[in-house]
1. If A14 satisfies all but one of (1) touching an Asp or Glu at 6+ places or on another chain (Cβ under 9 Å); (2) open to solvent by 20 Å² or more (accessible area, probe 1.4 Å), what's the number of the condition it fails?
2. Quick one: count up the residues across segment 146-164 that are part of a strand (DSSP E or B) and among the polar types (S, T, N, Q).
3. What's the number of the only condition in (1) within 25 Å of the chain's Cα centre (by Cα); (2) modelled with pLDDT of 95 or more; (3) surrounded by fewer than 18 Cβ atoms within 10 Å (Cβ to Cβ); (4) over 15 Å from F462 (Cβ atoms) that T334 fails to meet?
4. Restricting to segment 222-261, name every residue that is basic (K, R), assigned to a helix (DSSP H, G or I) and without any contact (Cβ under 8 Å) to a residue 24 or more places away in the chain.
5. Scan segment 57-75 residue by residue and report those that are surrounded by fewer than 22 Cβ atoms within 10 Å (Cβ to Cβ) and not polar (S, T, N, Q).
6. Report, by residue number, each residue of segment 467-487 that is surrounded by fewer than 21 Cβ atoms within 10 Å (Cβ to Cβ), over 21 Å from the mean Cα position of the chain (by Cα) and among the aliphatic types (A, V, I, L, M).
7. Test L361 against the criterion of being modelled with pLDDT of 95 or more, farther than 24 Å from Q67 by Cβ and open to solvent by less than 50 Å² (accessible area, probe 1.4 Å), and give yes or no.
8. Could you give every pair whose Cβ atoms fall below 7 Å, whose first residue belongs to segment 138-153 and is closer than 12 Å to A99 by Cβ, and whose second residue is open to solvent by 50 Å² or more (accessible area, probe 1.4 Å) and among the small types (G, A, S), counting only separations of at least 6 or pairs across chains?
Amino acid sequence: MREILAEDIVDSIADALQFVSYYHPADFVEALKAAHAAETAPAARNALLQLLINSRLSAQAHRPICQDTGVAHVYVRLGMDARVRGGGTGPTPTLQTLANEAVARAYTHAANPLRASMIREPLGRRANTGDNTPAIVHIELVEGDTMAFTVVAKGGGGDVKARYAMLNPSDSVADWVVAQLPGMGAGWCPPGVLGVGVGGTPEQVMALAKRALFQPIDIQALRAQGPRDEAQRLRLEIHERVNALGIGAQGLGGDTTVLDVKIAQAPSHAALLPVALVPNCAATRYVSFTLDGAGPARFTPPPAALWDGIPDALPAQSGLRVDLDTLTRDQAATWRAGQTLLLSGKLLTARDAAHKRLADLLAQGRPLPVSLRNRAIYYVGPVDPVAGEAVGPAGPTTSTRMDKFMPALLEQTGLLVTVGKAERGPVAIDAIRRAGAPYLSAVGGAAYLVSKAVRSARVVAFEDLGMEAIYEFEVIDMPVTVAVDARGRAIHALRTAPMPSRP
C-alpha cells in the first residue's frame, strides 16, 4: 500500500491551476502558429496573431491567458493500492476537500490572482463564492498504487455551447456534429478543439466528450498516416467538414475553425446512439501529472523557443483611430462591418448582473448611476490587477447574453457603442439598426493583450458586484472589429462559404 500525502495533493493541484492559467500547452501553440501561417482571411489572420501574442505575453508575465480563469475540474485516477494520508490526528480529508483547498489557494494567489466565477445557489441569490470553489472532482478507481491527475480550468464560453442528442443507431454522427456548429456561433472563441462523446448513457456521454478534449493535438499526424479505425475516420471527416463551413477564428470567416477533433466512445444499449459535443476554446488550459508518494508534482514550463517569431505587440496597424470621448453618432454611422478600429478614451464596462440592474432601474423610471449617453460599454469581467497593472486580463465576454437588454438601453439611454465577442442575435441587431449604435468585437482569448490597452480603471457603479461591477476604463488603441454597423449589417452574416458535403 503506497501512501500519498494530502498536502502533496493540495500543493500539486494548486500549482497546476496557476501553471495552466498562463501557459498554453505547447501542442496548442504550435497548432495556432500553423493556422496563422495558413490563414487567407485578413480578419481571422489578425485574430490568430492576437491569440499568439497574448500567449507569449501571458507566459512571460505569468498572468492569465483569459479573464475567465475557468471552472476547476480535477480528474483523478486513484490506484486501488494507493492510500491518502492526511496531516494531524483527525480523519483524512476527502479528495473533494483537498481539491477545494487547492482551488482556493490557487485563485487567491497574491502574485497572480485568478478571477472567481463560481456562484452558490444558482436558483437563489447567485452569490459568488469568492475563491472559485468548489472544484468539480471526477474520481475513477483503477489498478495500481499511484494517483494520476488531470487538472483543467474550463471556461464558461465553451461549456455553454455543449450539445447533446439521442440519435438513432443508423444516423450519422458527423452530420449531427457539423449541423451544430452554425448554431453554436463564435461565443466559444474558435479556433479550438471539439470533444465528441459517442455511446454510453446520457450522463456518461457528456463526460466522455469533455474528457476527450484533454489530449495532445495530433490531427495532422493522423491525416498523414491515414485512419486505422472508425473513430479516426470520423475525426478526419468532422475536422474537414467543420473547417469547410468558413466560420473561422472568432467567427470572422476563414480557413480554421477547429484545430482538432477528439472522440471518446463507450458501450451503449443496442437501440441507442447517445452523442455529445463540448468545445475547448482558444484558452485551452490543462495539465496531467502522477503522484507516487515521492512529493508534489513539478511542472516544467514550455521552452521559450515555442514563441519564436511571435512579436510582443501588435504591429503598426492601418485601423481607424477612434476617440471615444468625442465620438458622435454621425461618425459612428460611417463605420462598416469588417472594419478595424483602434479605440482610445473612456470606456465603460458592464455584463450580465450590471445589465439586469440597469434594466430594472429603467423599468422603474429611476435614474441610472452613470450616464450612458454617447458612451461605449465593454462586456467584460476583468481579473483583479497586480502591482503595475491598471487592470488584470480583460477580454470580452459573449455578447448574446446581453441581447435582451439592448432595445431598452439603446432607446432610453443614448448608448452609442457596445463591445463584446462573437455575433449578436436578431433582437440586438434590430435594436442596433434602429438606434444607429454599432457593435464592435474584440478577440476572445486574448485577455492579457487587451488589458495592455487599459491605462486606468475605476469602479463607477455597483461595486458590490465584484468583477461584474461597472468600471470606467481609460484605453489607448484597443483593437476591435466592427461586427454590426449602424445600418445593422453584421460581419458574421456577411460571410459566405460553400456548403460542406460528406466526402
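1. Going through the list (1) touching an Asp or Glu at 6+ places or on another chain (Cβ under 9 Å); (2) open to solvent by 20 Å² or more (accessible area, probe 1.4 Å), A14 breaks only (2).
2. 1
3. Of (1) within 25 Å of the chain's Cα centre (by Cα); (2) modelled with pLDDT of 95 or more; (3) surrounded by fewer than 18 Cβ atoms within 10 Å (Cβ to Cβ); (4) over 15 Å from F462 (Cβ atoms), only one is false for T334: (1).
4. If the condition is that a residue be basic (K, R), assigned to a helix (DSSP H, G or I) and without any contact (Cβ under 8 Å) to a residue 24 or more places away in the chain, then R223, R233 are the ones that fit.
5. Selection gives A59, A61, H62, V71, H73, Y75.
6. Within segment 467-487, I476 is the sole residue that qualifies.
7. Yes: the conditions hold for L361.
8. Listed pairs, sorted by first residue: F149/S288.
The values are calculated or read from the model by the stated rules, or taken from the named source; none is laboratory data. Note that the coordinates shown come from a computational prediction; the quantities given were computed from them, not determined experimentally. Note that each Cβ is placed from the backbone with ideal geometry, even for glycine, and that neighbours are counted across all protein chains shown. Calculation scope for accessible area: heavy atoms of the full protein, side chains included, ligands and nucleic acids excluded. Shrake-Rupley method; radii C 1.70, N 1.55, O 1.52, S 1.80 Å.
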